[in-house]
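Worksheet for the structure shown next.
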């Protein structure tokens with residue numbers, strides 16, 4: 001399990017990139033990711049994220065462009081289960097991904113929908129990766145939601161889970177980036193709640209291949 005934080009960014013992308021570069025972070029990765037979440041549960045408005053994500057998996061279609069070395073660029077489709085750890089307040093504090101390769105995004109989506117599973121969230125994002133030494137910051141740009149900053153526990157970081165999370169929050173504070181108060185954001189769940197509020201659910205996703 002790896003500790004992580006995700007927090008909403010409260011400034012525009014140009015300002016955010018400038019702040020990161022001033023603090024010594026280098027822009028190295030450009031990613032296009034489309035995640036299709038499925039569950040066997042009835043996804044009612046009252047369902048908690050903890051219950052929903054524990055009973056879900058996703059199809060991830062990813063295009064990665066390495067800006068320093070084109071030969072390291074990748075493209076893949078994978079089936080992913082995210083085993084998330086929660087604290088006593090139901091905040092996500094760590095995660096372990098279990099993955100396997102798929103050959104076709106559209107066929108996988110069709111199979112799961114024909115089997116009666118519910119596509120409760122489709123999450124398309126543009127992602128931007130920044131490195132400073134061993135520290136990696138991933139920026140997610142989400143249509144209609146804005147920008148989110150994600151930091152996972154980096155190599156060599158040690159201590160208790162709480163100590164690691166506190167260090168990650170301190171890193172964000174050091175960068176002087178305006179962010180929200182919730183360091184345990186779930187983008188997929190926010191998309192789900194927005195769509196549920198607008199009564200748009202159980203739809204056939206627009207599959208990007």
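The values are calculated or read from the model by the stated rules, or taken from the named source; none is laboratory data. Remember, predicted model here, so these are calculated numbers, not experimental data. Counting neighbours? That spans all protein chains shown, and the Cβs are built from the backbone with ideal geometry, glycine included.
For region 125-149, a tally of residues being within 16 Å of residue 185 (Cβ to Cβ) and surrounded by 17 or more Cβ atoms within 10 Å (Cβ to Cβ) returns 10. Put simply, of 8, 32 the only residue that is closer than 30 Å to residue 181 by Cβ, buried (at least 17 other Cβ atoms within 10 Å of the Cβ) and within 18 Å of the chain's Cα centre (by Cα) is 8.
Across region 4-37, the number of residues qualifying as in contact with a helix residue (DSSP H, G or I) (Cβ under 6 Å, 6 or more places away or on another chain) and modelled with pLDDT under 95 comes to 1. When you scan region 103-124, do you find a residue that is within 26 Å of residue 158 (Cα to Cα), surrounded by 17 or more Cβ atoms within 10 Å (Cβ to Cβ) and out of contact with any helix residue (DSSP H, G or I) (no Cβ under 9 Å at 6 or more places or on another chain), even just one? There is no residue in region 103-124 that is within 26 Å of residue 158 (Cα to Cα), surrounded by 17 or more Cβ atoms within 10 Å (Cβ to Cβ) and out of contact with any helix residue (DSSP H, G or I) (no Cβ under 9 Å at 6 or more places or on another chain). With the structure loaded, tell me whether residue 54 is surrounded by fewer than 16 Cβ atoms within 10 Å (Cβ to Cβ) and either under 22 Å from residue 161 (Cβ atoms) or in contact (Cβ under 8 Å) with a residue 24 or more places away in the chain (or both) or whether it fails that test. Spelling it out, residue 54 is indeed surrounded by fewer than 16 Cβ atoms within 10 Å (Cβ to Cβ) and either under 22 Å from residue 161 (Cβ atoms) or in contact (Cβ under 8 Å) with a residue 24 or more places away in the chain (or both).
Scan region 78-89 for residues that are free of Cβ contacts under 8 Å to residues at least 60 places away in the same chain and outside any loop (DSSP other than H, G, I, E, B) and jot them down.
78, 79, 80, 81, 82, 84, 86
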